[in-house]
Amino acid sequence: RPRPSPPAAVVGAGLGGSAVAYFLQQHFGPQVQLDVYEPAGVGGRLATVTVNKQQYESRGGSIHALSLHMQDFVKILGLKHRREVAGKSAIFSGEHFVLEETDWYLLNLFRLWWHYGISFLRLQMWVEEVMEKFMRIYKYQAHGYAFSSLEELLRSLGGDAFVNMTQRSVAESLLEVGITQRFVDDVIAAVLRSSYGQSVLVPAFAGAMSLAGAQGSTWAVEGGNKLVCSGLLKLTKANVIPARVTGVSLHSSEGRALYQVHYEGSEGQGSAFYDMVVVTTPLHPSRSNFTFKNFEPPIADFPGAFQPSVTSVVHGYLNSSYFGFPDPKLFPFASILTTDTPELFFNAMDNICPVNISATFRRKQPQEAAVWRVLSQQPLDKQQLKTLFRSYYSVQVTEWQAYPRYDAAKSLPPIVLHENLFYLSGVEWVASSMEMIAVAAKNVALLAYNRWHQDLEKIDQKDLMHKVKTEL
């Protein structure tokens, strides 16, 4: 007789929390009782800022075309893809543009070849090979297979080579496949600075995921990516509790684990008991003061640090002469990436469009006041803002601990903290993107379900490609 569905707690209502709530309900059925704890707003890092009564994405902007779970969420929730507004990119060294995109695809290819030989082709082949293997995860998950550790998940997709890609730098991996140092310094560095705010020392796997996003076609959700989170929580009818979880203590009842979740809300402190808990917020000491009590052996500390990131959304007139264009009318770029140059004080900037794009919308001309999103490691001072903008109406600054400091990662965090206590955010140490978090959410839900019903045949199976083919 199947065990009845457990009451479950989900800590955090960002994309990880809302996706795992949705997947838990999918597997355990509509009768599963779900409490989601969230002290701030639903959506987590998928936040927006308002400029002139229009909303703009302040952080997670674009989603790769191959993000199958995100595509599914949008379809299930009846959301739409935001209309694409074309814009050209360029890479700036602090003195001049090292690479400029044009309106002509063939000219872009010729320029890449002229500057870097066949490095860009080698890069494409390398990224495609990684992505092709990564895409196996959807097949495994469709057949109900789950993994109890990030290493097992990676090994099932690309063998030990994938696990090793979390321990060596992307620069090392690319140089090995014949990509030139110049291409790494100019192009790869610029992409990683704009996505992770870090250098080419990030691990190869995280680098590959970021480069796949830079190469492929991307999309965003009409009305804002955070609508996915609120939509999934509404769909699951999860009970969202506006409180911050301070810790989990272990009790046992009739020989099975029972978890007491302690929280603080506007009405003071409280606690509740659950059969299952999924933590989707980072457990690193720099990010939380979460405590685990009565666990034997105790749950170990989570090593590693986070990379601070600052997003400044500026409504103003670009100072195009800083980029070598004295006449602002002639400035052709909508997004500027930067190389790893010590004197550069920003990682990337782009002329962003609102989350609701009407059919008549057009991107502002370079001489007009536009909304720019500037990514940097430190808040911009007045002088730096003056360097980038001739004048501005408003600046809205968001500081956050954005991504793991990848060069500090020695080992990957665990997924299973105890019998039915799971940790989702550790996947960010493999790579951080909306789809990676959705994949991890599906994995945790399947793992929880398979462990609850003791279906061990569906966990950490070897040679899965062969098994899946035989099942088909």
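Here are some notes:
- Residue within the range 96-109 that is farther than 30 Å from SER309 by Cβ and in contact (Cβ under 8 Å) with a residue 24 or more places away in the chain present: no
- Residues satisfying the stated conditions in the range 16-48, i.e. in a helix (DSSP H, G or I) and of a type in the set (A, V, I, L, M, F, W, C): ALA19, VAL20, ALA21, PHE23, LEU24, PHE28
- Taking the range 389-420 as the range and being of a type in the set (Phe, Trp, Tyr) and within 27 Å of PHE205 (Cβ to Cβ) as the test, the residues that pass are TRP400, TYR403, TYR406.
- Against the test of being over 24 Å from ILE415 (Cα atoms), surrounded by 15 or more Cβ atoms within 10 Å (Cβ to Cβ) and touching a residue at least 12 places away in the same chain (Cβ under 8 Å), the options PRO242, PRO282 yield a single qualifying residue, PRO242.
- Any hit, the range 96-111, residues being surrounded by fewer than 22 Cβ atoms within 10 Å (Cβ to Cβ) and farther than 30 Å from SER320 by Cα: no
- Test for ALA13: is it open to solvent by less than 50 Å² (accessible area, probe 1.4 Å) and assigned to a loop (DSSP other than H, G, I, E, B): yes
- Taken over the range 53-89, the criterion of being surrounded by 14 or more Cβ atoms within 10 Å (Cβ to Cβ), basic (Lys, Arg) and farther than 30 Å from TRP104 by Cβ is satisfied by ARG59 alone.
- Of all the numbered requirements in (1) more than 21 Å from ILE415 (Cα to Cα); (2) open to solvent by 20 Å² or more (accessible area, probe 1.4 Å); (3) of a type outside the set (Lys, Arg); (4) in contact (Cβ under 8 Å) with a residue 12 or more places away in the chain, GLY268 misses one, and that requirement is (4).
- Breaking point among (1) more than 24 Å from the chain's Cα centre (by Cα); (2) without any contact (Cβ under 8 Å) to a residue 24 or more places away in the chain; (3) open to solvent by 70 Å² or more (accessible area, probe 1.4 Å), for THR50: (1)
- Residue within the range 375-386 that is assigned to a strand (DSSP E or B) and either aromatic (Phe, Trp, Tyr) or in contact (Cβ under 8 Å) with a residue 40 or more places away in the chain (or both) present: yes
- Note on the range 339-364: among residues that are polar (S, T, N, Q) and touching a Lys or Arg at 6+ places or on another chain (Cβ under 7 Å), the one that is nearest to VAL187 (Cα to Cα) is ASN347.
- Residues that are more than 13 Å from the chain's Cα centre (by Cα) and either more than 27 Å from VAL248 (Cα to Cα) or not in a helix (DSSP H, G or I) (or both) within the range 421-447 comprise LEU421, PHE422, TYR423, listed in sequence order.
- Among residues of the range 186-204 that are among the acidic types (Asp, Glu), those with a beta-carbon under 6 Å from a residue that is open to solvent by 20 Å² or more (accessible area, probe 1.4 Å) and not in a helix (DSSP H, G or I) at least six positions away or on a different chain give the pairs ASP186/VAL98.
- Members of the range 336-379 that are of a type in the set (D, E, K, R) and farther than 30 Å from LEU201 by Cα: ARG362, ARG363, LYS364, GLU368
- Hits in the range 318-336 (condition: in a strand (DSSP E or B) and surrounded by 19 or more Cβ atoms within 10 Å (Cβ to Cβ)): LEU318, PHE333, ALA334, ILE336
- Every residue from the range 174-183 that is buried (at least 20 other Cβ atoms within 10 Å of the Cβ) and either in contact with a Cys (Cβ under 7 Å, 6 or more places away or on another chain) or assigned to a helix (DSSP H, G or I) (or both): LEU174, PHE183
- Candidates SER288, SER252 - the one that is free of Cβ contacts under 8 Å to residues at least 12 places away in the same chain, polar (S, T, N, Q) and either open to solvent by less than 10 Å² (accessible area, probe 1.4 Å) or assigned to a strand (DSSP E or B) (or both): SER252
- Cβ pairs under 9 Å, 6+ apart, first in the range 448-459 and in a loop (DSSP other than H, G, I, E, B), second among the charged types (D, E, K, R): HIS453/ARG3; GLN454/ARG3
- Residue match in the range 75-87 (condition: closer than 30 Å to ASN450 by Cα and either touching a helix residue (DSSP H, G or I) at 6+ places or on another chain (Cβ under 7 Å) or touching a residue at least 60 places away in the same chain (Cβ under 8 Å) (or both)): yes
The values are calculated or read from the model by the stated rules, or taken from the named source; none is laboratory data. Computed from a predicted structure; not experimentally measured. Every residue, glycine among them, receives a Cβ derived from its backbone with ideal geometry; neighbour counts consider all protein chains shown. Surface accessibility is based on the protein's heavy atoms, side chains included, excluding ligands, DNA and RNA. Shrake-Rupley method; radii C 1.70, N 1.55, O 1.52, S 1.80 Å.
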